[in-house]
Amino acid sequence: MYKRRDYVELYEKDLAKWALLRNVNTVVKPTTLLPGDYVWLDLKTGREFEVPIGAVVKLCDSGQIQVLDDEGNEHWISPQNATNIKPMHPTSIHGVEDMIRLGDLNEAGILRNLLIRYREKLIYTYTGSILVAVNPYQVLPIYTANQIRLYTNKKIGEMPPHIFAIADNCYFNMQRNNRDQCCIISGESGAGKTESTKLILQFLAAISGQHSWIEQQVLEANPILEAFGNAKTIRNDNSSRFGKYIDIHFNKRGAIEGAKIEQYLLEKSRVCRQAHDERNYHIFYCMLKGMTPDEKKKLGLSKATDYTYLTIGNCTVCDGRDDMKEYSNIRSAMKVLMFTDKENWEISKLLAAILHMGNLRYEARTYDNLDACEVVRSPNLTTAATLLEVDCKDLMNCLTSRTLITRGETVSTPLSMEQALDVRDAFVKFSSSCSFEQLCINFANENLQQFFVRHVFKLEQEEYNLENINWQHIEFTDNQDALDMIAIKPMNIISLIDEESKFPKGTDTTMLNKLNFQHKVNTNYIPPKNTHETQFGIQHFAGVVYYETRGFLEKNRDTLYGDIIQLVHSSKNKFIKQIFQADVAMGAETRKRSPTLSSQFKRSLELLMRTLSVCQPFFVRCIKPNEYKKPMLFDRELCVRQLRYSGMMETIRIRRAGYPIRYTFVEFVDRYRVLMPGVKPAYKQEDLRGTCERIAEAVLGRDDDWQMGKTKIFLKDHHDMLLEIERDKAITDKVILIQKVVRGFKDRSNFLKLRKSAVFIQKTWRGYQCRKNYGAVRSLSVFQSTS
Ligand SMILES: Nc1ncnc2c1ncn2[C@@H]1O[C@H](COP(=O)(O)OP(=O)(O)OP(=O)(O)O)[C@@H](O)[C@H]1O
């Protein structure tokens, strides 16, 4: 019989063996826990992102159970709270490479699997065809040339999970199937999307034999893109503030032929505003650190702390970044990409002009009872005008007044201080963002989510078809309703915003009223609570998001005031004219009719989705394990939130809607043949499918909802549980039998040895005794005869 002490000893000696044995017992008697059993502990805090935590039983005395959880905290569970603990499936104890194989296929199971792998520095894990990458926040030795070799031309699953495996499959699928491939990398800010992209490029460059070419072009473009599009935020020291689509073209021989990088929705507002502890785009700081004193003098520049636009976040340096060195990288990258010195200088002039404009000071005035303002004359104003090559007075007028054309007459009205500040910032960032851009980003995310869910569902269906499994009854709903409401069905949210943006009398309030009127009964729409509130909410797949409507229409119109266009037109600087070319070319009327930001974005998103839909997709979900950018720190609730919002749970839900557990016939026979006396191992079987079916029928019953495919058996969770229980019972019986026989043999041989030794001792002793007695008797008789 098992003895508890045996397990404690084993636990100390051999954790792995012990865990395996203990688990047998756990499944046999889920309620009788013994030290060493692994359990799920539900702390029932009611917190939104709290899920049961893994724990190991330490003591189970007097009805109380003491457990040690994965975080190292001890808990005492009283008999009344016994329902707070549940046995853990064997697959969850040491973790698996593909989480679809987890018996505990739920949030807690996935989270623990990622946690225990992360602690072993195994940052990559599959969930079916998706790669989950947990940011290690440390350099791991897993991206070497040797690793690239190891992962080249391998099937997914042949090697441990890795970003290189995804890159390799993209490349070889493209060659084998002659079909475009795409890889969608998603995750929160700082989760590792940019690093993952770079690693994929590194792999592709290496295996397509194009190292020097791609290094010079795509990789050289990177420092420039990062300098102008990345910034330090509280979440990430090098956060990309735009969406990126990198298109790489290969020729028939598999060599890279060209690459194109497209950007979506750059966060323009960062040029003028940054949150506390955040910086503006890297380029400004790099420029101020890296330029020669002479260059800076020509641009009238000094140090970062002197500029309003660089100090709003109260942070001008970024730990671990060398702005001076970065600047020299940017300059050499520009040389490689053949920017001329003149172009380079024009860019610097524009950047410097932005900084000078940010330092302009305004003073409030009142003209004819109208709120007005004036720009305080300062070297900043004159330098900005010189750099932009415009007249200083024109610049001042354009920043403080607006020209209106009414009834054929041109009238110039002064701007209040608040309006003037808006105009300046609009010029600097050329349109503003916040809430409205968020709606566009979330609309894109909804599209990508649907693409993902449909792909996963399609994969499931393909597997069922391939295996001849009847899947007709499996239903799954995606986020189509939300998408319909945002952008597809007539009178959708985006079309209503657009309509109102074009309507001359349209305001943010009239727009909100129309949204409320049209969608108030839609379950995905959350109207404002009262007439004073200016926010509406949308139930996205990732949760509810509220959108502040103030400024919506202005942002959506995305047009610059005519005065600014006029100013740019008057500039002698060709580069600036080129930047605003499209706007300068348009007349005022055309500008009014020009496509709104949302319709432009919708169009480019449609194009992107169309491109993606003909590709074979791969998905990489990056997870940020903590907010402190620290290695080996795993914040459970932060990770659950990301898992929930990443859509990974959808894969699981889809899997669960069908047959979540599947074994190949070989795996099934080898694992469960113990349930049928006399069944030989799989390699000795002639009719594997038949044997598999016989075992399943005997244990699960003929009529239950499990199915035999062509190469696999498809099971529901409860089948797996039942099979495991039966298997553990059978193994326990066998273990007891082995123990009985071994102990019997041991005791018997011990007894025989003891008996033999006792007989020997007795024999020797008796012989000795007899000999001794005989000697004494004999000497006595000799004595008698002589006396
Ligand atoms: N595989 C990795 N190995 C080592 N460090 C990594 C890895 N992935 C990410 N990091 C670290 O995390 C930081 C943030 O990663 P990255 O810039 O790729 O995030 P992101 O998801 O692109 O963020 P954002 O959306 O803000 O641009 C990196 O600068 C790097 O320090």
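Just so you know, all these numbers are worked out from the coordinates, no wet-lab data involved. This one's a predicted model, so the numbers in the text were calculated from it and none came from an experiment. Cβ placement follows ideal geometry from the backbone for every residue including glycine, while neighbour counts extend to all protein chains displayed.
Toward the positive end of the charge dipole of the chain, with +1 on the Cβ of Lys and Arg and -1 on the Cβ of Asp and Glu, the farthest Cα among ILE116, ASN329, PHE443 is that of ILE116. Entry note, the stretch 605-751: relative contact order of 20 percent, from Cα contacts under 8 Å with a spacing of 6+ residues. Across all directions, the average projected area of the convex hull around the alpha carbons of the stretch 435-613 is 13.7 nm². For the chain, pairs of C-alpha atoms spaced more than 37 angstrom apart make up 57 percent of the total. Going by the alpha-carbon gyration tensor, a ≥ b ≥ c the square roots of its eigenvalues, is the stretch 362-426 rounded (a/c under 1.5) or, if a/c is not under 1.5, prolate (a/b greater than b/c) versus oblate? Oblate, because a/c is 1.5 or more while a/b does not exceed b/c. Using all alpha carbons of the stretch 491-549, what is the percent of pairwise distances in each 10 Å bin, ordered from the shortest bin to the longest? Per 10 Å bin, starting at zero, the Cα-Cα P(r) for the stretch 491-549 comes out as 23, 56, 19, 1 percent.
With the highest mean first, a sort of the peptides 515-521, 118-124, 269-275 on other beta-carbon atoms found within 10 angstrom per residue produces 269-275, 118-124, 515-521. Compute the angle between helix 636-645 and the longest alpha-carbon principal axis of the chain, please, reported from 0 to 90 degrees and rounded to the nearest 10. Helix 636-645 sits at roughly 60 degrees to that axis. For LYS734, a cut-off of 17 angstrom between C-alpha atoms picks up these aspartates and glutamates, skipping any fewer than 8 places away in its own chain: ASP670, GLU724, GLU726. Projecting the Cα atoms of VAL679, ILE725, GLN762 onto the dipole axis of the stretch 674-766, where Lys and Arg carry +1 and Asp and Glu carry -1 at the beta carbon, places GLN762 farthest toward the positive end.
Computed from Cα positions, the angle between helix 648-657 and the longest principal axis of the chain comes to roughly 50 degrees. Note on LYS529: lysines with a C-alpha under 30 Å away, same-chain residues under 8 apart excluded, are LYS489, LYS502, LYS505, LYS514, LYS520, LYS555, LYS602.
Farthest toward the positive end of the dipole of the chain, out of GLY254, GLY36, PRO136, is the Cα of GLY36, where the dipole comes from beta carbon charges about the Cα centre.
Mean separation of Cα pairs under 8 Å and 6 or more residues apart, divided by the residue count, gives the chain a relative contact order of 13 percent. Taking Cα centre as origin and charging only the Cβ of basic (Lys, Arg, +1) and acidic (Asp, Glu, -1) residues, the dipole magnitude of the chain rounds to 3860 debye. Highest mean first, the peptides 88-95, 366-373, 147-154 sorted by other C-beta atoms within 10 Å per residue fall in the order 88-95, 147-154, 366-373. Loop-located GluC sites (Glu not before Pro) across the stretch 451-484 with a Cβ neighbour count of 13 or fewer within 10 Å are GLU475, with loop assigned by DSSP.
Taking the stretch 655-787 on its own, what percent of its Cα-Cα pair distances exceed 23 Å? That tail contains 59 percent of the Cα-Cα pairs. Think of it as helices only: each DSSP H run of n ≥ 4 in the chain is worth -39500 (n - 2.57), and spread over all residues that comes to -15500 deg cm²/dmol at 222 nm.
Remark: relative contact order (the stretch 435-613) = 23 percent; criterion is Cα-Cα distance under 8 angstrom and separation of 6 or more residues. Relative to the longest principal axis of the Cα atoms of the chain, the long axis of helix 193-207 makes an angle of roughly 80 degrees. In a simple Cβ point-charge model (Lys, Arg +1; Asp, Glu -1; nothing else charged), the stretch 673-742 has a dipole of about 400 debye relative to its Cα centre.
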